[in-house]
Amino acid sequence: MFIDMHVHEWSFSRDSIMPLKDIVARAKEMGMGAICITDHDSLGIKTEAERYSREIGFPIFVGVEVLTVQGDIVAFGSPYAFQPRTIDAQEFINYVHSYGGACFSAHPFRNNNRGLEEHLGVVKMLDGVEVLNGSTSLEANRTALEYSRKYNIQPVACSDAHKLEKLGCYATWLPEDPRTLEEFIQVLRSGKCRPAIWEGDHYRIVEDF
């Protein structure tokens, strides 16, 4: 299964212009098996996304992108969305895992003071790191790939889309086809996921770029 694990919907991420139905429709067109909504510091879309997912029979996994003191982390399974810069990165990772969740570092080396940067080599128990992020420079993405290898952190790829033309430009290949959030978290924590690039009509799994 291919899935874009870092997407912003307009109801609770005010910098997004994408409604949920358009996100799902585009994900289906691109052959994804599911889609994730990870709004900034909010789980507000969760109830509506779960309802719509049941209605159309397409998995929608809701997570949250939390700006920790050290930088952004995308998490699934957290029952609470912390406000920006109010929790330490390691404390947040521990919190997510205490609820059986999973999390990964978002755009760690993007030049906007929102990535973990060198803290990526300090924090423990991350389940992944974005080595391809659709709103980040190639140079910064390659630095993330280097850190992923150096510290043996699972590499993932995500669009970080706020508009439809960016959705799915990068995605992550999962070795299984999860249908529930709990199943998705288990696959994400398996360490067997791989980054992929959209080639216009299909996804290509990559090791280098």
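The values are calculated or read from the model by the stated rules, or taken from the named source; none is laboratory data. Just so it is clear, the model here is predicted, and its values are computed rather than measured. Every residue, glycine as well, gets a Cβ built from its backbone with ideal geometry; the counts of neighbours run over all protein chains shown.
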Practice item. Check whether at least one residue in segment 172-183 is more than 25 Å from GLU118 (Cα to Cα), in contact with a Lys or Arg (Cβ under 7 Å, 6 or more places away or on another chain) and outside any strand (DSSP E or B), and report yes or no. Key: yes
**Study point:** Boolean, GLU118 is in contact (Cβ under 8 Å) with a residue 24 or more places away in the chain and of a type in the set (Asp, Glu)
**Key:** no
**Study point:** Filtered residues of segment 138-171 (kept if part of a loop (DSSP other than H, G, I, E, B) and either of a type in the set (D, E, K, R) or in contact with a Gly (Cβ under 6 Å, 6 or more places away or on another chain) (or both))
**Key:** TYR151, GLN154, SER159, ASP160, LYS163, CYS169
Check your understanding: For segment 1-51, what are the residues that are surrounded by 18 or more Cβ atoms within 10 Å (Cβ to Cβ), hydroxyl-bearing (Ser, Thr, Tyr), free of Cβ contacts under 8 Å to residues at least 60 places away in the same chain and part of a loop (DSSP other than H, G, I, E, B)?
Key -> SER42
Review point. So is TYR99 out of contact with any strand residue (DSSP E or B) (no Cβ under 9 Å at 6 or more places or on another chain), surrounded by fewer than 19 Cβ atoms within 10 Å (Cβ to Cβ) and not hydrophobic (A, V, I, L, M, F, W, C) or not?
Key: yes
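Between ALA161, ALA157, ALA196, which is buried (at least 21 other Cβ atoms within 10 Å of the Cβ), in contact with a Cys (Cβ under 8 Å, 6 or more places away or on another chain) and either in contact (Cβ under 8 Å) with a residue 60 or more places away in the chain or not acidic (Asp, Glu) (or both)? Full working, then the answer.
Details: ALA157 fails: in contact with a Cys (Cβ under 8 Å, 6 or more places away or on another chain); ALA196 fails: in contact with a Cys (Cβ under 8 Å, 6 or more places away or on another chain).
When all the criteria are applied, what remains is ALA161.
For segment 89-110, which positions are among the charged types (D, E, K, R) and assigned to a helix (DSSP H, G or I)?
Going through segment 89-110, the residues among the charged types (D, E, K, R) turn out to be 91, 110.
Passing the criteria: only GLU91.
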Review point. Yes or no: SER13 at pLDDT 95 or above, more than 14 Å from GLY168 (Cβ to Cβ), in contact with a strand residue (DSSP E or B) (Cβ under 9 Å, 6 or more places away or on another chain) and among the small types (Gly, Ala, Ser)?
Key: no
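Can you find a residue that is in a helix (DSSP H, G or I), within 16 Å of the chain's Cα centre (by Cα), surrounded by 18 or more Cβ atoms within 10 Å (Cβ to Cβ) and of a type outside the set (Phe, Trp, Tyr) anywhere in segment 66-88?
Our first condition is that a residue be in a helix (DSSP H, G or I); within segment 66-88, this holds for none.
Taking every residue of segment 66-88 in turn, none turns out to be in a helix (DSSP H, G or I), within 16 Å of the chain's Cα centre (by Cα), surrounded by 18 or more Cβ atoms within 10 Å (Cβ to Cβ) and of a type outside the set (Phe, Trp, Tyr).
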Exercise for review: Check LEU174 against each of (1) under 26 Å from ARG14 (Cβ atoms); (2) crowded, with 21+ Cβ neighbours inside 10 Å and name the one condition it does not meet.
Suggested key: (1)
Check your understanding: When SER135 is evaluated against the numbered criteria (1) assigned to a loop (DSSP other than H, G, I, E, B); (2) crowded, with 24+ Cβ neighbours inside 10 Å; (3) out of contact with any helix residue (DSSP H, G or I) (no Cβ under 7 Å at 6 or more places or on another chain), which criterion, by number, is the only one it fails?
Key -> (2)
